[in-house]
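Before any comments, here is the structure.
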Amino acid sequence: MVPIRRALGYHSDRFGTGYSYGKAAYVTNDPGKEALVGLIAALKILRDKPQVMTKPLGQLLAIVKDEFKALPKKFHKDIVISANKNSLAVEVNYENTWKDGQQGIPIFSIEDMYGGTNIFQAGMAQMGIIPTIAYDGNIFISMGLGTLDADGNLLEKQTRLIVKAMVGLMNITCKHAGVV
């Protein structure tokens, strides 16, 4: 039923009804009329004034790097944090925390994301924060939905609180997984 629901343009996190319009939470660009109009507008902005997106992305990168210092020091050298200009998000890759036979930060699959068993996404949602995309040892932290003002400027206080919440959730998860 899940592929059929997706084809029809609606599905849920598999723990609710099939009429929960959650597709927009997991798909960047849906080929609907509204999405195409929005995509064209965004591409025009990127073409004409790329700093509108690149400036807040740089600020978001700095905040994420700063706040992720609150994770256990043993993970610092194995976490790669970078600006992903393709998706206008900051990518946190923590798969290397599992190197040399060491147990690292728990990694959730894409099925965990869709099944509602991804602690990082489910936990953020329970905090009232729109969950990020997080699976296979990667977390994408993007702008919008309360992190930008009407002119596209990054709201540092709100953004920092969201990233702190993610790092706090990761610390709690690591503690209960027995990695710290």
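The values are calculated or read from the model by the stated rules, or taken from the named source; none is laboratory data. Here the structure is a predicted model, which is why all the values come from computation and not from measurement. We place every Cβ from the backbone using ideal geometry, glycine too, and count neighbours over all the protein chains shown.
Values as computed for the structure displayed
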read-out: Helices (runs of 4 or more DSSP H) within the range 32-130 that include 2 or more residues of a type in the set (Lys, Arg) and surrounded by fewer than 17 Cβ atoms within 10 Å (Cβ to Cβ); value: 33-48, 51-67, 73-76
read-out: Condition check for Leu155: more than 25 Å from Ile105 (Cα to Cα) and touching a Gly at 6+ places or on another chain (Cβ under 8 Å); value: yes
read-out: Residue list for the range 167-178, filter: touching a residue at least 60 places away in the same chain (Cβ under 8 Å) and either closer than 13 Å to Glu67 by Cβ or surrounded by fewer than 17 Cβ atoms within 10 Å (Cβ to Cβ) (or both); value: Val167, Gly168, Met170, Asn171, Ala177, Gly178
read-out: Per-region count, the range 138-157, residues surrounded by fewer than 19 Cβ atoms within 10 Å (Cβ to Cβ), touching a residue at least 12 places away in the same chain (Cβ under 8 Å) and part of a loop (DSSP other than H, G, I, E, B); value: 4
read-out: Residue in the range 40-50 that is at pLDDT below 80 and among the charged types (D, E, K, R) present; value: no
read-out: Which listed residue, of Val180, Val167, Val163, is closer than 16 Å to Gly58 by Cα and not in a strand (DSSP E or B); value: Val163
